[in-house]
Amino acid sequence: TRFAKEGAKFHIGMVYSTQSPSTINSELLAQTENFFVGHLSSQDETKSLSRVQIAFSGIEEDILRAKTPGYMRMLTMSHRFVIPVQAHRFEATAS
């Protein structure tokens, strides 16, 4: 948490990935601008996410049920509604 706060002073962004949003400091999550949510396997985790970002309330059951690889819900600073996206695995090609 301290590292994130100090980095913000110098406009340094962070990326963190977890299946347990409740383990991340709630103050840090509240200041997070972009969310990409795949599958969460616990009602407690979806409730925790909804408490931090109200935009996720109402779709908790969908988050728990969906298990399609690459299917995520995206919330960004420039688009304040949760939208579904399908991410494809990156395959590097030799040039």
Proximal charge balance of Q43 [Cβ under 14 Å; K/R count +1, D/E count -1]:
-2
Please get the size of the charge dipole for the stretch 43-95, origin at its Cα centre, with Cβ charges of +1 on Lys and Arg and -1 on Asp and Glu, quoted in debye to the nearest 20.
100 debye
If amide H atoms are modeled at 1.01 Å from N in the peptide plane, then the residues at a separation of 5 or more from Y71, or on another chain, having amide H under 5 Å from its own are A87
Reachable lysines, given that their alpha-carbon falls under 19 Å from the alpha-carbon of K67 and they are not under 8 places away in the same chain
K47
J(HN,Hα) series, the stretch 75-91, from Karplus relation 6.51 cos²θ - 1.76 cosθ + 1.60, nearest Hz, glycine and proline x
10, 10, 4, 7, 9, 8, 10, 6, 10, x, 9, 10, 8, 10, 5, 6, 10
Quick one: which of 27-35, 11-19, 43-51 comes out on top by average Cβ neighbours within 10 Å, and what's the full order, highest first?
43-51, 27-35, 11-19
Once you have a ≥ b ≥ c as the square roots of the Cα gyration tensor eigenvalues for the stretch 1-74, tell me rounded if a/c is under 1.5, and otherwise prolate or oblate according to whether a/b is larger than b/c.
prolate
Find out how many positive minus negative residues lie around S57, taking Lys and Arg as positive, Asp and Glu as negative, among other residues whose Cβ is under 13 Å from that of S57.
0
Solvent-accessible area of V52 with every protein chain in place, 1.4 Å probe, in Å² to the nearest 10
40 Å²
Length-normalised contact order for the chain - Cα pairs under 8 Å, 6+ apart - percent
24 percent
Could you compute the FRET efficiency for A92 and Y16, with r as their C-beta to C-beta distance and R0 at 35 Å, rounded to 0.05?
0.90
Once every DSSP H run of n ≥ 4 in the chain is given -39500 (n - 2.57) and the sum is divided by its residues, what mean residue ellipticity at 222 nm do you get, rounded to the nearest 500 deg cm²/dmol?
-8000 deg cm²/dmol
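The values are calculated or read from the model by the stated rules, or taken from the named source; none is laboratory data. Values in this document were obtained by computation on a predicted structure and should not be read as measured data. Cβ sites come from the backbone with ideal geometry, for glycine too, and all protein chains shown count toward neighbours. Note: areas computed on protein heavy atoms with side chains; ligands, DNA, RNA excluded. Shrake-Rupley method; radii C 1.70, N 1.55, O 1.52, S 1.80 Å.
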